[in-house]
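Chemist: One structure coming up, written as structure tokens, with questions to follow.
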Amino acid sequence: MDRWRFIENMADWDLLPEYWHKMSKDELKDYYFNLDDTVVSKHFKAKKAMEEKLLKNPELKKRKLALFKIDYKKLNSIQKANYNFHKISGSLAEYGFNCVKLDNLWEEANIIATHFDGKQILRIRHKGRFTIYHKYKNKNLYIYYVENGISKMYYHDDAYKYAAHGDSNLTWQEMGQVYIKTPKRYDPIITIL
């Protein structure tokens, strides 16, 4: 921020020393550009003293917002669902998507993400890990999950094509497959957010 902009903000915020308050912004600008470094240094010292005074004010300390990170493991299932939605929403916002949480599943999706360009709409299902289910096949569904603190997303039908489970795998025959860790063969279809 240049010197004039800083002084203009200081004037707007009413943080200048007493004798500068009665000056117009133009007068203040002319005055400021003609100051020597000693006066500027005194000004910044005065500003710092004022900040320290404000920080020591007990009324301000009462209003200070105290934030503490939560322990995800201590959340109940509804709190976890809300937490996960906001993580997903925050991750996708970086890429221009606005997310809407659905109260009921729609075509197996529990989140709809629309891009700011108005051309892309994603149906997303949040899962706890990499998952391939028969019931998600041909639903135009993206799966979002977090693995080792890394947000990942993939198109379910692409993962389904990679799946190579024999007839002897009963879990696969009944519903699909849930993995503890994402197999390396799926890396080409996974997007890291």
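Chemist: Would you call LYS139 in contact (Cβ under 8 Å) with a residue 24 or more places away in the chain, touching an Asp or Glu at 6+ places or on another chain (Cβ under 9 Å), of a type outside the set (Phe, Trp, Tyr) and loosely packed, with under 14 Cβ neighbours inside 10 Å?
Modeler: no
Chemist: I need the full set of residues from region 83-110 which are in a loop (DSSP other than H, G, I, E, B) and either without any contact (Cβ under 8 Å) to a residue 24 or more places away in the chain or in contact with a strand residue (DSSP E or B) (Cβ under 9 Å, 6 or more places away or on another chain) (or both), in order please.
Modeler: Filtering region 83-110 down to residues in a loop (DSSP other than H, G, I, E, B) leaves 94-96, 107-108.
The answer is TYR95, GLY96, GLU107, GLU108.
Chemist: Within the set of pairs 6+ apart or on separate chains, which have a first residue in region 111-133 that is small (Gly, Ala, Ser), a second that is surrounded by 18 or more Cβ atoms within 10 Å (Cβ to Cβ), and C-beta atoms under 8 Å apart?
Modeler: From residues that are small (Gly, Ala, Ser), the pairs are ALA113/LEU92; ALA113/PHE97; ALA113/CYS99; ALA113/LEU122; ALA113/ILE124; GLY128/TYR145.
Chemist: Could you say whether any residue in region 180-193 is surrounded by 13 or more Cβ atoms within 10 Å (Cβ to Cβ), part of a loop (DSSP other than H, G, I, E, B) and aliphatic (A, V, I, L, M)?
Modeler: For region 180-193, residues surrounded by 13 or more Cβ atoms within 10 Å (Cβ to Cβ), part of a loop (DSSP other than H, G, I, E, B) and aliphatic (A, V, I, L, M): present.
Condition check ((1) under 15 Å from TYR145 (Cβ atoms); (2) exposed (fewer than 10 other Cβ atoms within 10 Å of the Cβ)) across all residues:
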| site | (1), (2) |
| --- | --- |
| ALA66 | no, yes |
| LYS73 | no, yes |
| ASN76 | no, yes |
| ALA81 | yes, no |
| ASN84 | yes, no |
| LYS87 | yes, no |
| SER91 | yes, no |
| GLU94 | no, yes |
| ASN98 | no, no |
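Chemist: Only one residue in HIS115, HIS134, HIS126 is surrounded by 15 or more Cβ atoms within 10 Å (Cβ to Cβ), of a type outside the set (D, E, K, R) and either assigned by TED's automatic domain parsing to the domain that holds ILE78 or under 21 Å from LYS101 (Cα atoms) (or both). Which one?
Modeler: Result: HIS126 is the single residue among HIS115, HIS134, HIS126 that is surrounded by 15 or more Cβ atoms within 10 Å (Cβ to Cβ), of a type outside the set (D, E, K, R) and either assigned by TED's automatic domain parsing to the domain that holds ILE78 or under 21 Å from LYS101 (Cα atoms) (or both).
Chemist: On to the next question. Given the structure, is ILE150 modelled with pLDDT under 85, of a type in the set (A, V, I, L, M, F, W, C) and surrounded by fewer than 12 Cβ atoms within 10 Å (Cβ to Cβ)?
Modeler: Values: modelled with pLDDT under 85: no; of a type in the set (A, V, I, L, M, F, W, C): yes; surrounded by fewer than 12 Cβ atoms within 10 Å (Cβ to Cβ): yes.
No: the conditions fail for ILE150.
Chemist: Within region 153-165, track down each residue that is surrounded by 13 or more Cβ atoms within 10 Å (Cβ to Cβ) and either small (Gly, Ala, Ser) or part of a strand (DSSP E or B) (or both).
Modeler: Matches in region 153-165: MET153, TYR154, TYR155, ALA159, ALA163.
The values are calculated or read from the model by the stated rules, or taken from the named source; none is laboratory data. For clarity, every value in this text was computed on a predicted model and none was experimentally measured. Positions of Cβ are backbone-derived with ideal geometry, glycine not excepted, and every protein chain shown enters the neighbour counts.
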